[in-house]
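First the structure, in the form of structure tokens, and then the observations on it.
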There are 2 protein chains.
Amino acid sequence: MDNEEKYVEEIADQEDNFSKWYNQVVRKAELADYAPVRGCMIIRPYGYAIWENLQRLLDARFKETDVVNAYFPLLIPRSFLEREAEHVEGFAPEVAWVTRGGGEELEEPLAIRPTSETIIGHTYAKWIQSYRDLPVLINQWNNVMRWEKRTTLFLRTSEFLWQEGHTAHRTLDEAEERTKQMLEVYRAFAEEDAAIPVIAGRKSENEKFAGALRTYSIEAMMGDGKALQAGTSHNLGNNFAKSFDIQYLDSDGQRKYCATTSWGMSTRMIGGLIMVHGDSSGLILPPRLAPYQVVIVPIWRKEAEKSAVLEQVARVEKMLKGKVRVKVDMSENTPGWKYNEWEMRGVPVRMEIGPRDVKNNSVMLVRRDNRAKTPISVDALETHLPELLEEVQQALFQRAVEFRKQNTYATDSYDEFKEIIAEKRGFVRVKWAEDSAAELAIKEETKATLRVIPFDQPEGGVQGKCIYTGKPATCEAIFARAY
Amino acid sequence: MDNEEKYVEEIADQEDNFSKWYNQVVRKAELADYAPVRGCMIIRPYGYAIWENLQRLLDARFKETDVVNAYFPLLIPRSFLEREAEHVEGFAPEVAWVTRGGGEELEEPLAIRPTSETIIGHTYAKWIQSYRDLPVLINQWNNVMRWEKRTTLFLRTSEFLWQEGHTAHRTLDEAEERTKQMLEVYRAFAEEDAAIPVIAGRKSENEKFAGALRTYSIEAMMGDGKALQAGTSHNLGNNFAKSFDIQYLDSDGQRKYCATTSWGMSTRMIGGLIMVHGDSSGLILPPRLAPYQVVIVPIWRKEAEKSAVLEQVARVEKMLKGKVRVKVDMSENTPGWKYNEWEMRGVPVRMEIGPRDVKNNSVMLVRRDNRAKTPISVDALETHLPELLEEVQQALFQRAVEFRKQNTYATDSYDEFKEIIAEKRGFVRVKWAEDSAAELAIKEETKATLRVIPFDQPEGGVQGKCIYTGKPATCEAIFARAY
Ligand SMILES: [Zn+2]
Ligand SMILES: [Zn+2]
């Protein structure tokens, strides 16, 4: 049992030091490593397999809404970034610049894309001529760079992977509709595939995307009560269309500016998975995104038992092939060591197969989330296992919903607000009269930011006063400390 | 019929001007565009959909050989590139350099990866401790940059997309075996999925990868008789292991250097598809990689016929969903215009559905490759269409094999060699005594390069003299002008 103890000792206690726990889990589960270039990360195979599952499921959701994929260049001329005033102000400080190429100094420095609105705007201006060319619904999966001083694997790195969708429309209404449609795609993905409950709504003026008319986001609560913005969708209005001259000839013979949108989800989401579901033994991965949904641990004591066990393991593996993602751990470690290893790595279900199981033509299933053990006949496995995985998926979601509920507060008192933020963390829902100065003051005083103005508002409007300014409230808003 | 003529007029004749034809097809079929950054490209949705199919099929082939995916950083410290002498010599002139980031000059310039052997070598040195950690079998799908003076969409651009596999092994033999195994994966993908016949073999010393012990490649013949290197696999021996100190503790207690490999296929392959299969009407895409395998063109003259036709179209579309990739062209263009449009864009099979077809409960199928027309009952469609697509796939491959056969020459006379290269193009197979100086002289005199020393050599060894030096030949080699 010494190995077990050793394992437990090696991971920091979640409640004592959440960020230490997070970093240890990321490294120990071999999800990612720091790169030799400051602030950049290496996504290791186990972490990248989560990303591949995310890509596959999210991409399918995009395609159901008629989005197609494309690829735009990594490098963006400086002059492009400068064309939309708010945009350059927001991104210029974080840009990495290419100044030499092919042995020569470049005439104009090229930015490594921090995001691609500008180069895509330039391109759409050439592609779009008539209303018949609209809408344009394009996404790209790529890498972007935003030079960061303080970095955390997955959550904030100078280079990260993401997808960025960019659409162009005839009308502002249509752009607004698409902006909200893509936020709903993110919500559904987060809740159904990642088992992460989110609050969907609008960002404040302070927190919106540099150059957007309006930004919507989904906000999730992490295991320490802090918020993570898990996906954003921006209605860019005519801003980029005007800066890049994206016009179309409408059916009425008039030339008009397009309305555009952009929306993105990134490898941050993997950080979210870890922080929402993990526990003191390590990762807990939702079955739909887990690289391995089931790990099979063969058990035998005597050499005589070995061949029967391995035969049964092979039979079960073959039976589940193409239906469930299975890993058979054939390493030389002890079963106990393997249990700890795969618990730490978050595999949703462990399957133990020992001599007695072979005799009974059964296996022992152990859930990662609640450690419940169920013996089950091999004949029932093909039907039962997918059901069990779905149960685990739902249980993780429900547990996260419950946790969020327990850590969400409503108050009309700013003193209480400060106390909650300082001592309890979690989300605080308050009455709010949208005011950027008040928002900045709260951030200054408490480190809490306005995460989102939820779509879900009281029926018949908000009554009462803003928690900070005392002005008549116009909405309810969620504040929290955030990643 | 004016539209048809117009279409034909707009594409250059393949035989008159192959490169003009190529560029027109790429632009007109909306596969790619030049970017505002010199030498970079935008891959448009129709071109990117080909890349997605390629990724899916090739990635599945990798995973069958136990390869897993990961992601390594975009930026590589200059000192890393400089550590392997041949490697830096080969790549330094093409590198784009980041010199500023986050508002500051960087202490050390960072290269945008031209390829990732160095940063991966550095990482493997940390990950690999013992023989139990081996082999490491990792691939990544990413973007790379090699600053190019003269560029052609897909074939040679400063930024391109590719996959680069990097493996580490205990022994040189095992690395050699993996190098050849991955070349075989490329061969099978090229021939079975892309319908492109290739010659697999070894590169000469002159043409091998900068830093490799040996490079293997697959070489394909384009429609103008020139060669395209379609995939390469490098046995790096201990070179990178020594430069980056990738060592492991072997079971005998000795510390030893790993043997490593790398292998890649890129968006160049899309250029290959175009140039192997296309004709004077435009693209011809092999069904396994085609974004749309079938385009349905509804036909009606009188408004009264429309609803019955569209009903049948919807029925057929639904029947084929998930089995065949179908595009229904509901645009306002005439049927004739649509025929030309989708022929130009290379859709393997066109399905015409008109009032008479509805009455007969049949559809008309027209193959893109040979324009053969077959009426077929709707009830037989679900079975027949996948078969027809497979026939088209095989026919394209056979036609390319035949074309290569007709344009491959064998000669012992250097005068004849020169004449063939100058007048006929194609591949020339010659007896060869491996000699780098002779190879360079031939390149100088004829622009032909040694493409590959095929695995397929005469039984019992090569008899006779080298075509250039007159020394006893050691092998047969293929020369050609190349992209
Ligand atoms: Zn113990
Ligand atoms: Zn005509």
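For residues that are assigned to a loop (DSSP other than H, G, I, E, B) and among the hydrophobic types (A, V, I, L, M, F, W, C), tally how many sit in the range A:227-275.
Start the filter on the range A:227-275 by keeping residues that are assigned to a loop (DSSP other than H, G, I, E, B), which leaves A:238, A:245-246, A:250-254, A:258, A:267.
Then drop every residue that is not among the hydrophobic types (A, V, I, L, M, F, W, C), which leaves A:246, A:258.
Total satisfying the criteria: 2.
Any idea which residue in the range A:48-85 is surrounded by the most Cβ atoms within 10 Å (Cβ to Cβ), counting only those that are within 10 Å of chain B (Cβ to nearest Cβ) and among the polar types (S, T, N, Q)?
A:69
Can you tell which of A:283, A:289 is under 29 Å from residue A:194 (Cα atoms) and in contact with a Leu (Cβ under 7 Å, 6 or more places away or on another chain)?
Within the list A:283, A:289, the selection yields A:289.
Pull out all pairs, ordered by first then second residue, where Cβ-Cβ is under 6 Å, the residues are six or more apart or on different chains, the first lies in the range A:207-224 and is buried (at least 20 other Cβ atoms within 10 Å of the Cβ), and the second is among the polar types (S, T, N, Q).
As it stands, the answer is A:208/A:215; A:209/A:215; A:211/A:239; A:215/A:232; A:216/A:233; A:217/A:229; A:217/A:232; A:219/A:229, since those pairs meet every condition given.
Residue B:163 - would you say it is of a type outside the set (Lys, Arg) and within 14 Å of chain A (Cβ to nearest Cβ)?
Working: of a type outside the set (Lys, Arg): yes; within 14 Å of chain A (Cβ to nearest Cβ): yes.
Spelling it out, residue B:163 is indeed of a type outside the set (Lys, Arg) and within 14 Å of chain A (Cβ to nearest Cβ).
Would you mind stating whether residue B:117 is more than 7 Å from chain A (Cβ to nearest Cβ), of a type in the set (D, E, K, R), in contact with a Leu (Cβ under 8 Å, 6 or more places away or on another chain) and more than 14 Å from residue A:42 (Cβ to Cβ)?
On the way: more than 7 Å from chain A (Cβ to nearest Cβ): yes; of a type in the set (D, E, K, R): yes; in contact with a Leu (Cβ under 8 Å, 6 or more places away or on another chain): yes; more than 14 Å from residue A:42 (Cβ to Cβ): yes.
Spelling it out, residue B:117 is indeed more than 7 Å from chain A (Cβ to nearest Cβ), of a type in the set (D, E, K, R), in contact with a Leu (Cβ under 8 Å, 6 or more places away or on another chain) and more than 14 Å from residue A:42 (Cβ to Cβ).
Which members of the range B:130-172 meet the condition of being modelled with pLDDT of 95 or more and among the acidic types (Asp, Glu)?
Selection gives B:133, B:159, B:164.
Being without any contact (Cβ under 8 Å) to a residue 12 or more places away in the chain and more than 8 Å from chain A (Cβ to nearest Cβ) is the filter; apply it to the range B:101-113 and report the residue that is surrounded by the fewest Cβ atoms within 10 Å (Cβ to Cβ). Walk me through how you get there before you give the answer.
Start the filter on the range B:101-113 by keeping residues that are without any contact (Cβ under 8 Å) to a residue 12 or more places away in the chain, which leaves B:101-107.
Pick out the ones that are also more than 8 Å from chain A (Cβ to nearest Cβ) and you get B:104-107.
On the way: B:104: 8, B:105: 10, B:106: 20, B:107: 6.
The residue in question is B:107.
Have a look at B:98, B:37 and point out the one that is surrounded by 14 or more Cβ atoms within 10 Å (Cβ to Cβ), over 23 Å from the mean Cα position of the chain (by Cα), within 14 Å of another protein chain (Cβ to nearest Cβ) and at pLDDT 95 or above.
Details: B:37 fails: at pLDDT 95 or above.
Of the residues listed, the single one that is surrounded by 14 or more Cβ atoms within 10 Å (Cβ to Cβ), over 23 Å from the mean Cα position of the chain (by Cα), within 14 Å of another protein chain (Cβ to nearest Cβ) and at pLDDT 95 or above is B:98.
Residue check: is residue B:27 facing another protein chain (nearest Cβ under 9 Å), under 30 Å from residue A:122 (Cα atoms) and among the basic types (Lys, Arg)?
no
Can you tell me which residues in the range B:409-461 are among the polar types (S, T, N, Q) and over 23 Å from the mean Cα position of the chain (by Cα)?
The initial filter retains those residues of the range B:409-461 that are among the polar types (S, T, N, Q), namely B:411, B:413, B:436, B:446, B:449, B:457.
Across the range B:409-461, the qualifying residues are B:411, B:413, B:436, B:446, B:457.
Based on what the data block shows, is residue B:133 assigned by TED's automatic domain parsing to the domain that holds residue B:60 and either farther than 21 Å from residue B:67 by Cβ or more than 17 Å from the chain's Cα centre (by Cα) (or both)?
Considered against the rule, which asks whether it is assigned by TED's automatic domain parsing to the domain that holds residue B:60 and either farther than 21 Å from residue B:67 by Cβ or more than 17 Å from the chain's Cα centre (by Cα) (or both), residue B:133 comes out as yes.
Please specify each residue of the range B:427-468 satisfying the condition of being within 21 Å of residue B:223 (Cβ to Cβ) and in contact with a Phe, Trp or Tyr (Cβ under 6 Å, 6 or more places away or on another chain). Break it down into steps so the answer makes sense when it comes.
Here is the first cut: in the range B:427-468, the residues within 21 Å of residue B:223 (Cβ to Cβ) are B:427-429, B:446-449, B:451-452.
B:428, B:448, listed by residue number.
Based on this model, can you work out whether residue A:233 counts as within 26 Å of the chain's Cα centre (by Cα) and in contact (Cβ under 8 Å) with a residue 24 or more places away in the chain?
Here the answer is yes, as residue A:233 does meet what is asked.
Please tell me if residue B:42 is more than 16 Å from ligand 2 (Cβ to nearest atom), at the interface with another protein chain (Cβ under 7 Å from one of its Cβ atoms), of a type in the set (A, V, I, L, M) and under 30 Å from residue A:56 (Cα atoms).
For residue B:42, the condition - more than 16 Å from ligand 2 (Cβ to nearest atom), at the interface with another protein chain (Cβ under 7 Å from one of its Cβ atoms), of a type in the set (A, V, I, L, M) and under 30 Å from residue A:56 (Cα atoms) - is met.
The values are calculated or read from the model by the stated rules, or taken from the named source; none is laboratory data. Keep in mind that what you see is a predicted model, and the values were worked out from it rather than measured. Ideal geometry is used to build each Cβ from the backbone, glycine not excepted, and the neighbour counts take in all protein chains shown.
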